[in-house]
Each structure stands twice: as C-alpha cells, then as structure tokens.
Amino acid sequence: MRKILITNDDGIEEDGLIRLAVTAKEFGEVWVVAPETQRSAASQSITLRHSIEAWEHDFPVEGVHAYACNGTPADCVRIGVLSIVPGKPDKVFTGINLGYNTASDLQYSATAGAAFEASFQDVDAIAFSEGFDKEHEVTRRYLKEIMAELIDRSLPKNSIWNVNFPGCSLEEFKGILRDAKVSQDAFFQDRYIMTKIGEGRYSFMVDGILKHTAEDGTDLRAIYDNQISIGVAKNIS
C-alpha cells in the first residue's frame with residue numbers, strides 16, 4: 001500500500017491538516033508528523049544546534065499514525081522520511097495551509113518549504129493551500145479530484161506541485177488553471193509599523209497592503225479570478 005506522509009505549518013490540531021488526512025486515507029496509509037504549534041513563514045529552515053522531539057499524538061482520524069513535533073515543518077518531513085515512516089513514504093502532502101501560497105510568498109512559506117524538503121529527500125510532494133473563507137467550499141469539492149490527478153505524476157528534482165484553492169463559493173468558482181506559473185508579483189505590498197519603545201529602541205510590526213495585480217497565467221492571477229491554481233514550483237535549478 002502507498003505510504004503518505006503529511007505535515008503542515010499551522011499546527012497538528014488545525015482543521016486543514018485533518019481534512020487533508022481524511023482525503024489522503026482514500027489513497028494509502030497515512031502518517032502525520034506535524035508541528036505542535038504554529039510555525040508559519042519558517043520556509044525550509046531545519047534545526048541543527050539542538051535535538052528535536054516527536055511524540056505520539058491522539059489524532060481525530062481513525063487509522064492515521066500521528067506524531068507532534070517541536071521542530072519546523074521541514075524538520076517534520078526529515079524525521080518522517082528518514083526515521084518514522086517505515087521504509088520511507090511514497091508521497092508527501094503539506095497543508096492544507098490557511099492562506100494562499102502563491103507568487104513571492106513561496107520563498108517564505110513553510111508549507112512549500114516542507115514540500116521542497118521532501119523533494120530533497122527524493123520524495124515527490126504536493127503543497128495544498130486555501131483562502132481564509134470559513135466553508136472552504138471549493139477545497140471540499142475538488143481536493144480528492146486534484147489529489148487523484150497529481151498523486152502518481154512524477155516531478156523533476158527539487159520541484160513540487162503547488163495547489164491553491166480560492167476562497168469563494170462554488171457559485172463564484174471559475175474553474176481550474178493548470179500549469180500555472182509562479183507569479184513574479186506579490187500578494188501583499190509589505191511595510192512595517194515602527195513604534196518607539198525606549199531611547200534609541202524601536203519595535204517593528206509587519207503590515208501588508210493587499211494588491212490586486214498579477215500576470216495572466218499565474219498562480220496569483222488564478223486566485224484573483226476565483227480559480228484553483230495547479231503548477232510546478234522549483235527550488236534549486
């Protein structure tokens with residue numbers, strides 16, 4: 001039976017991870033190794049200077065082998081692939097991330113970073129992300145279909161499948177953009193709010209202004225157009 005390793009960056013108790021595991025069970029034996037708490041924007045960072053721990057976790061999906069970990073999402077993939085899943089997983093899924101992973105956000109995303117770590121370990125990976133809507137109608141309708149479409153498709157070295165589900169209703173949904181390119185634009189225009197907190201000392205809080213521009217045929221344009229985007233993202237050329 002196919003073995004599937006799943007992780008995320010929102011924490012092992014997040015709804016998106018649980019929904020991903022439920023669907024993945026239809027395609028194989030599922031193992032979860034996920035951060036105990038929120039670890040977004042960790043990119044592909046790993047822990048080198050001290051040990052990390054993993055422990056069995058009471059997961060709400062029957063038949064899933066689950067471990068929480070105090071490391072990064074990339075750490076979770078490394079110990080899952082190299083030590084926890086017997087004989088190495090056949091596939092790695094990451095997500096379902098709460099919030100899009102498109103355009104320049106990919107370089108910060110730990111959802112994508114964990115998937116890239118899987119590719120470094122010679123395991124094909126799919127990163128799944130979705131909007132902040134409460135119902136996730138499009139994800140619920142199309143997750144299994146897209147998982148079936150991609151699960152047996154091979155990838156070039158250091159590449160991942162990157163899938164984003166729009167945060168709209170099924171009535172507003174405009175279809176699937178396949179072969180979506182990674183946008184060279186950005187979802188947010190970043191800025192920092194600076195506050196003086198002492199003599200010569202300041203605090204900085206990131207704040208983003210939502211942009212609405214993106215090139216045609218890209219992941220970001222698809223999200224603006226209420227489409228699912230499916231594309232290959234590359235790490236090291």
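Quick rundown of the values:
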quantity: Extension gain (nm, one decimal) between ILE193 and ARG153, 0.36 nm per residue minus Cα-Cα; calculated: 10.0 nm
quantity: Debye, to nearest 20: dipole size of the chain, +1 on Lys, Arg Cβ, -1 on Asp, Glu Cβ; calculated: 580
quantity: Length added when fully stretched, LYS144-LEU170, from 0.36 nm per residue minus Cα-Cα; calculated: 7.8 nm
quantity: P(r) tail fraction, region 16-118 - alpha-carbon pairs more than 22 Å apart, %; calculated: 25
quantity: Per-residue ³J(HN,Hα) for region 193-207, Karplus 6.51 cos²θ - 1.76 cosθ + 1.60, θ = phi - 60°, Hz, x for Gly and Pro; calculated: 8, 9, 10, 6, 10, x, 5, x, 10, 9, 10, 10, 10, 5, 9
quantity: Estimated [θ] at 222 nm from DSSP helical runs (n ≥ 4, -39500 (n - 2.57)) normalised by residues in the chain, nearest 500; calculated: -6000 deg cm²/dmol
quantity: Given LYS91/LYS234; LYS134/LYS157; LYS157/LYS181; LYS3/LYS181; LYS3/LYS134, the pairs whose alpha carbons are separated by over 26 Å; calculated: LYS134/LYS157; LYS3/LYS181; LYS3/LYS134
quantity: Options HIS50, VAL22, VAL32, ranked by Cα towards positive dipole end of the chain, top entry (Cβ charges); calculated: HIS50
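Rule-based calculations on the coordinates, nothing more; no lab input. Computed from a predicted model, the values in this text were never measured in an experiment. All Cβ positions, glycine included, derive from the backbone under ideal geometry; neighbour counts span all protein chains shown.
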